[in-house]
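Structure first, then comments.
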Amino acid sequence: MKNIIVALLVSLAFLGCSAKTPENTNVQANLVVGKSLPPLTLNDQFGKVHTLSGDTTKLIFAFAKDTAHTCNDFFKTQKDDYLASHHAAFVADVSAAPSLIRSMFIMPGLKDLKHTVLLFEDKKVAAPYRKGLDVNKIAVVFLKNGKIEKIESISTAEELEKIML
């Protein structure tokens, strides 16, 4: 009987970890062509706070695990200052991962990277940036003086390399 209760508790714990909560549908999209990008301050993989500077011209967003891996694999092959020299920033959304998975696996893996990864760690903060985008693709936001000029959705490292030129 004791084993059955333990098994049920463990099962419920795993179900709780994988439960998907619907995104807040009442949020207004922050990434809209023609609008100014709202001030964006995020922690990187080391917990250092970053606020986007006015000279940032490209923001690369990865909202899914696969797209984040594509971006990280590409940036790993570049020089340490690649993003800064291209006036770009990379933002990965880790908010959907359960906190245990995030702290035990995701964050230690990100700390091995030489490039800066800005992180959405809270679903409520990420929601306005996800809204209206294909979250299964890499979103590249082109900025000019803080205003969004265009947004492109890409899927591959080759497309990312081409878009960074």
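The values are calculated or read from the model by the stated rules, or taken from the named source; none is laboratory data. For clarity, every value in this text was computed on a predicted model and none was experimentally measured. Heads up, the Cβs are rebuilt from the backbone with ideal geometry, glycines too, and the neighbour counts pull from every protein chain shown.
Just one of the numbered conditions (1) in a helix (DSSP H, G or I); (2) at pLDDT below 95; (3) under 21 Å from Tyr129 (Cβ atoms); (4) not charged (D, E, K, R) is not true of Phe75: (2). Could we say that Thr57 is surrounded by fewer than 17 Cβ atoms within 10 Å (Cβ to Cβ), in contact with a Leu (Cβ under 9 Å, 6 or more places away or on another chain) and within 20 Å of Met164 (Cβ to Cβ) here? Here the answer is yes, as Thr57 does meet what is asked.
Residues in region 92-108 that are under 22 Å from Ile138 (Cβ atoms) and assigned to a loop (DSSP other than H, G, I, E, B): 4 in all.
I'm checking my understanding of the structure. Among residues of region 109-165 that are assigned to a loop (DSSP other than H, G, I, E, B) and free of Cβ contacts under 8 Å to residues at least 40 places away in the same chain, which one is farthest from Gly54 (Cα to Cα)? By that ranking, first place goes to Asp112. Restricting to region 145-162, give me the number of residues that are at pLDDT 95 or above and closer than 23 Å to Asp81 by Cβ. The qualifying residues number 7.
For Phe75, are the conditions met, namely being under 13 Å from the mean Cα position of the chain (by Cα) and surrounded by 12 or more Cβ atoms within 10 Å (Cβ to Cβ)? No; evaluated as a whole, the condition is false for this residue.
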